Structure formats: structure tokens, C-alpha cells
Amino acid sequence: MTQPPEDPYLPGRPDGGLSVDRYELELDYRVATNRLDARAVVHARASSVVDRVSLSLRGLRVSQVLVDGRRPERWSHRDGRLTVRLGRAVLVGTSLVLEVRYGGQPGPARGPWGEVGWEELEDGLIVAGQPDGAPTWFPCHDSPADKATFSVVVTAEAGYEVLANGRLVSRAPRAGRVRWAYDQAEPMAPYLATLQIGRYQRLEHGTQLLVPPRLQQAAEHDLAPQPEMMALFEERFGPYPFAAPYTVVVTDDDLEIPLEAQGLSVFGANHMDGRRGSERLVAHELAHQWFGNSLTVGRWRDIWLHEGFACYAEWLWSEASGGWTAHRHARSAHARLMILPQDLVIGDPGAAAMFDDRLYKRGALTLHALRLTVGDDVFFQILRTWTARYRHGTVSTEQLVACASEVAGTPVALLVESWVYRAALPALP
């Protein structure tokens, strides 16, 4: 077991000499005052020979730390890093159980991508963790490469629906409050962990929908194509990767963009117009369950493996539902990119350009160029092999090249290199 190298896109993380197997979170939350009192139990292993370990936690105050049920030699919490001195050196692979009690009034982290993480709504909250918002609400090894299972228990006021990742295990009323328990059995990157609280109706439509009553009719109309999208993506990408049903949350507030978390997606009131004006985004967020959530990049420089695939899924849905073909979308996107600056290398875009729309479109064009080169049958076999081979795992561009070359029976490295690692835009095959 080795510690992943530090990701230059997130300076200072990963850190701490730990590889986490499971997070157990117990959260007591007061909506009106945004007050959180919490306990986290982190089941981890030493990833190197260490005498101290650390986790990331920002904007909250730690009151107690235990290691294997005992007080450690010393701990400190400064600048978003909780460091624990063990009092002894431990070997690689040694199991450690860290218990952290903490609390306060959580809020988002402010950085290059705006405000990320815990965010209060008008009456409730959302957690939008990508890429570095997880430490705003629980102590973690904040690396997309370090996946773990989760249990999340939340106690909040009655009258609110509470949603976390995974399967709802229990819901127990307690004197005007309700205790919700969720279990996420498939490994998950910390940034994909989420919490959603609001005055929602919980509806079942094959997938699950949490929606404010005033938006129910518009949301049901706008999300009606989802079962067909699911069927298409399962045919093209392989089985839906999670045991719990896919869930969509529609907030009563407007949101700048929709967001995905593992097993669910969140849309703002502004995305449900009753005219399916955000249909491509509904497809995009659903596709992230395969590309981003089941298959997650180990380092953020490979983010095109999330966004390029999800963008291409939009084109596939358009093609299957009677809209533009993927090829027409590709030609249109290519023409637009040709008149924009060609100074972005999508295989290593830099932190500031991780979410540049050119990366999304050029990533999708990379896949279309591969499809044109190898043909439809081989292309979709590549996608199904890719999602099956690395299901719930960590991926890189190099692994995609190897997988695609193997399935196609011919090297594709030069094709991928021209689209992913060079700034100049190639011609479509």
C-alpha cells in the first residue's frame, strides 16, 4: 500500500499517511441555526511507516480525538488539517480507528472554483463537494483516489426530508426530530459524499425524486425521460453501478449548475421549467454515475474522463431520442472550438481550467473520434469493458488507452494523444 502522490491541483492534499476503508458519521443538525454537532469514526490503514497521521477538516472545531479508543499522545487542528501524533511508529498496513468529535456552523470553502461544500439554502442545505468540499463537513483523507464505504446517520427536525448517499436503512422519529440512517456499501470518493435536507416530497418513479410540492408537476414532466435514458445508458455503458435506486433532488432554490454525487443528482428550481429545457443536463448528471462516480479519476488532471464522457452521453441521448445525431453535435462542437483559443490541454488542464467548457466538448470529441476510427460495435464494447473492468475503482487516461487498444485490437495511443495531450485541435477522422 502506497500513499498517492500529492495532487498539484489540490496543494496540501492528499496528506496524512492514511488509506481509509470506511467512514461512520453521526450528525446532529439544527436547520434554523445551522448548528452541527458530529462524531466521525474513520477506519483506516497506515499507507507508510508513520508516527503521526492527519485528516482534512475546515471551518469546524474539534473537541476530542481518540485513536483505537484511547487518547493519542497529542493532536492539533490548524489551517484545515487535523494532525494526530500516535506516540509510536506504525508499519504499513497497520489498522487505525480514529474517532473525532467536532461541531460548529459549517459553511462552504472558498477557492478557485467558487464556494464548494456545505451550503445553506433558504430552508435546508445541500452539500456540493466537487472537487474539495468534503472537509467542510467531515474529517477525511480528501483524495479522489482514496475510496471508502460510508454510513451516515443524521438527526434533524421533523418536517424535513434528509438524504445521504446509499440505501436508507432506517428512519426513526424522536420527540419532534427524526433520525435517518444511510449506508453506502460501494466505495466512494470523499468529494462525492453528500447531504441534502429540505421540505421535500419523496416520490417513486422507477428512480426516486425529492421535490418541493410547488415544483412537483414541472419536475415530473421534465424528468419523465429518465427511465429511457437509464435504459439507453445501461445498453451503452453497462449495468447501473449502484445497488440503491438513483435519486434526483430538486431544491426550492435556484442553483447555478446541477451537481452529481454518488447515486444522486441535484437540480435547482430553475432547471425544472416544465418544458424540459434542461434535458441534456438530466442526461449529463445521470451519466456521471458511471463516469465520475463508479469510475473516478485518481488525480484531477484526468477530469476529462468524467466530463468528456458525460458530455458525450448528452449526444448519445440526443441521437437516441430523435434529436441531433452525435456526429452532428460533434461537427458543431468542433466548429465552435476552432474559433476559440486553442491553448487548453485537456489531459492536464491545470486547476483553474478543470471546469472549462472546452474541456467538456473536447473530451466528448475525443470519444467521437475514437468511435469514428474503430466503428460503433467496437466503440461501445470499449465503453462496456471500461466500466466493467474498473467498476467502483480509480482510473487514468493511460488505463483508458490500454483498455481501448486491447478491445479494438489496435493501438489508439496516438489518436488519444492528439486530442488529449496537444493544444491544437485535430480534424475529426
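Considering only strands (runs of 3 or more DSSP E) fully contained in segment 39-82, which possess at least 3 residues that are assigned by TED's automatic domain parsing to the domain that holds ALA134 and in contact (Cβ under 8 Å) with a residue 24 or more places away in the chain?
Of the strands (runs of 3 or more DSSP E) lying wholly inside segment 39-82, those with at least 3 residues that are assigned by TED's automatic domain parsing to the domain that holds ALA134 and in contact (Cβ under 8 Å) with a residue 24 or more places away in the chain span 50-56, 61-67.
Do you know which residues across segment 321-341 are more than 28 Å from the chain's Cα centre (by Cα) and in contact (Cβ under 8 Å) with a residue 40 or more places away in the chain?
HIS327, ARG331, MET338
Kindly provide the set of residues from segment 104-114 that are touching a Ser or Thr at 6+ places or on another chain (Cβ under 7 Å), part of a strand (DSSP E or B) and either outside the structural domain of LEU66 (by TED's automatic domain parsing) or modelled with pLDDT of 95 or more (or both), ordered by number.
Once the filter is applied, which keeps residues that are touching a Ser or Thr at 6+ places or on another chain (Cβ under 7 Å), part of a strand (DSSP E or B) and either outside the structural domain of LEU66 (by TED's automatic domain parsing) or modelled with pLDDT of 95 or more (or both), segment 104-114 yields only PRO108.
Is there a residue being within 20 Å of LYS147 (Cα to Cα), among the hydroxyl-bearing types (Ser, Thr, Tyr) and at pLDDT 95 or above anywhere in segment 198-221?
No: segment 198-221 contains no residue that is within 20 Å of LYS147 (Cα to Cα), among the hydroxyl-bearing types (Ser, Thr, Tyr) and at pLDDT 95 or above.
Just the residues that are without any contact (Cβ under 8 Å) to a residue 24 or more places away in the chain and of a type outside the set (Asp, Glu), please, taken from segment 410-426.
Filtering segment 410-426 for residues without any contact (Cβ under 8 Å) to a residue 24 or more places away in the chain gives 411, 413-414, 417-418.
Listed by number, the residues that qualify are PRO411, ALA413, LEU414, SER418.
Could you grab me the full set of residues in segment 154-167 that are in contact (Cβ under 8 Å) with a residue 60 or more places away in the chain and not hydroxyl-bearing (Ser, Thr, Tyr)?
Within segment 154-167, VAL154, ALA156, GLU157, LEU163, ASN165, GLY166, ARG167 qualify.
The values are calculated or read from the model by the stated rules, or taken from the named source; none is laboratory data. Because the structure is a prediction, the values reported are computed rather than measured. Every residue, glycine as well, gets a Cβ built from its backbone with ideal geometry; the counts of neighbours run over all protein chains shown.
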